[in-house]
Amino acid sequence: MLSVTPAATLWALARRQLPLHADRFARYAHTLGTPVAPLRLEEMYRDLPKADFSRDLVAASTDLWVTPMQGAGWSDCGTPERLEAAIGPASGVVKSGARGADAAIARAG
């Protein structure tokens, strides 16, 4: 899935479709950069109900549009190795770890 959506639009959608999740993430966001942040993150996820982005946010929305794309593909880039497979070994993702993945994603646009 390719999503071309302002982050504020997705956040507003999350607040409507998954208000409990959005509230917990908002409360956690206020602790970022403080010593209590790791504890709050653990607490947040401990009893947070499961939710699926595609099913619970996108499919449940009446405010989004879908446009078919000819010639577009999809790659599951959930690990550095998958990202490297998608964009090529010259990216250095696997050797550099997560920081390399961030840089490769930035280069890929």
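The values are calculated or read from the model by the stated rules, or taken from the named source; none is laboratory data. Note that the structure is a prediction, hence the values are computed from the model and not measured. A quick note on method: Cβ atoms are made from the backbone with ideal geometry, for glycine too, and the neighbour counts reach across all protein chains shown.
Observations
- Unique residue being touching a Ser or Thr at 6+ places or on another chain (Cβ under 6 Å) and modelled with pLDDT of 90 or more when the list is A37, A26: A37
- Where a residue in the range 36-53 is under 19 Å from Q17 (Cβ atoms) and assigned by TED's automatic domain parsing to the domain that holds L20 and its partner, wherever it lies, is of a type in the set (A, V, I, L, M, F, W, C) and surrounded by 12 or more Cβ atoms within 10 Å (Cβ to Cβ), with Cβ under 8 Å and at least six apart: M44/F25; A51/L18; A51/L57
- Residue in the range 42-56 that is farther than 26 Å from T5 by Cβ and surrounded by 13 or more Cβ atoms within 10 Å (Cβ to Cβ) present: yes
- Taking the range 27-47 as the range and being part of a loop (DSSP other than H, G, I, E, B) and out of contact with any helix residue (DSSP H, G or I) (no Cβ under 6 Å at 6 or more places or on another chain) as the test, the residues that pass are H30, L32, G33, T34, P35, V36, D47.
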